[in-house]
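First comes the structure, then the notes that go with it.
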Amino acid sequence: MTAAPGELLRDVRARIDAAAQRVGRDPAGVRLVAVSKTFGAPEVLPVIEAGQRLFGENRVQEAKAKWPPLKQQFRDLELHLVGPLQSNKVREAVQLFDVIHSIDRPKIARLVAEEMAKQNRRPSLLIQVNTGEEPQKSGVLPGEAAAFVRHCRMDLGLEITGLMCIPPADEEAAMHFALLAKLANELAVRELSMGMSADFEAAIELGATYVRVGSAIFGGR
Ligand SMILES: *Cc1c(COP(=O)(O)O)cnc(C)c1O
């Protein structure tokens, strides 16, 4: 018999607390985003009932089909977009999400700013940094992050709350987490979205304020 999602959630929470304590951090400073992509309401509900309130999705379409009824039912849910944002999905993303982790280019930043003004909604925004400089991966290059954050702040009037990264699959993740933490410090942003099922403890030890955990809570996809 496999463990129920509620039990897996408790285990992940305990590991988060332990990792924070190892480096003298307050565990309350690490927020768990349960990434529920590919899972439907039957899998998500027990995790909500076990007390989880922050959820992440990587596709706007999928989130749009799944979350509005759950948000109606549980008013204090917080929905996070962790996957890349396409320009034709910006309107819906600003409508649906409370936090967007994946602002990654000037055009998307401009469209998000326009939609926020139109809808009078203010999701929190993080910039995705391609720390591994992988051609196929979204995100600004580390060397471009400062100019992009400045552009968002000064030209578009956007408050940028933090940075996000997805390290290359075949490299030591800690090196990328350390780079992201250094950039966030230089740019004076407080949120660090880093760490997934395989490496969230290392991310916490290096300063993560959001960890994005899917399979360790919901099981394999
Ligand atoms: C799927 C996904 C996660 C969660 O991955 P797991 O390995 O299942 O924990 C985190 N971040 C992003 C951007 C994702 O797409």
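The values are calculated or read from the model by the stated rules, or taken from the named source; none is laboratory data. These numbers come from a predicted model, not from an experiment. Positions of Cβ are generated from backbone atoms using ideal geometry, with glycine treated the same way; all protein chains shown enter the neighbour counts.
The figures follow:
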item	result
Among residues of the stretch 131-151, those that are assigned to a loop (DSSP other than H, G, I, E, B), within 25 Å of Phe200 (Cβ to Cβ) and away from the ligand (no atom under 16 Å from the Cβ), counted	2
Residue count for the stretch 28-53, restricted to those that are surrounded by 15 or more Cβ atoms within 10 Å (Cβ to Cβ) and closer than 20 Å to Ala202 by Cβ	6
Out of Leu45, Leu54, sole residue that is within 13 Å of the ligand (Cβ to nearest atom) and within 13 Å of Leu77 (Cβ to Cβ)	Leu54
Only one of Met116, Met196, Met154 that is within 13 Å of the ligand (Cβ to nearest atom) and either part of a helix (DSSP H, G or I) or at pLDDT 95 or above (or both)	Met196
Some residue of the stretch 107-114 being of a type outside the set (Asp, Glu), more than 25 Å from Phe148 (Cβ to Cβ) and surrounded by fewer than 17 Cβ atoms within 10 Å (Cβ to Cβ)	no
Pairs where the first residue, in the stretch 67-83, is within 24 Å of Leu163 (Cα to Cα) and buried (at least 19 other Cβ atoms within 10 Å of the Cβ) and the second is among the β-branched types (Val, Ile, Thr) and modelled with pLDDT of 95 or more, C-beta under 6 Å, 6+ apart	His80/Val33; His80/Val99; Leu81/Ile100
Any hit, the stretch 167-178, residues being surrounded by fewer than 18 Cβ atoms within 10 Å (Cβ to Cβ), within 16 Å of the ligand (Cβ to nearest atom), assigned to a loop (DSSP other than H, G, I, E, B) and hydrophobic (A, V, I, L, M, F, W, C)	yes
Complete set of residues in the stretch 129-160 that are in contact with a strand residue (DSSP E or B) (Cβ under 8 Å, 6 or more places away or on another chain) and in contact (Cβ under 8 Å) with a residue 40 or more places away in the chain	Val129, Ser138, Pro142, Ala145, Phe148, Val149, Cys152, Leu158, Ile160
Sole residue being of a type in the set (A, V, I, L, M, F, W, C), surrounded by fewer than 19 Cβ atoms within 10 Å (Cβ to Cβ) and more than 21 Å from Val30 (Cα to Cα), chosen from Leu187, Leu158, Leu141	Leu141
Restricting the stretch 199-221 to residues that are part of a strand (DSSP E or B) and more than 8 Å from the ligand (Cβ to nearest atom), the residue that is nearest to Leu8 (Cα to Cα)	Val211
Any chance Ala145 is over 21 Å from Asn185 (Cβ atoms), under 19 Å from the mean Cα position of the chain (by Cα) and of a type in the set (Gly, Ala, Ser)	no
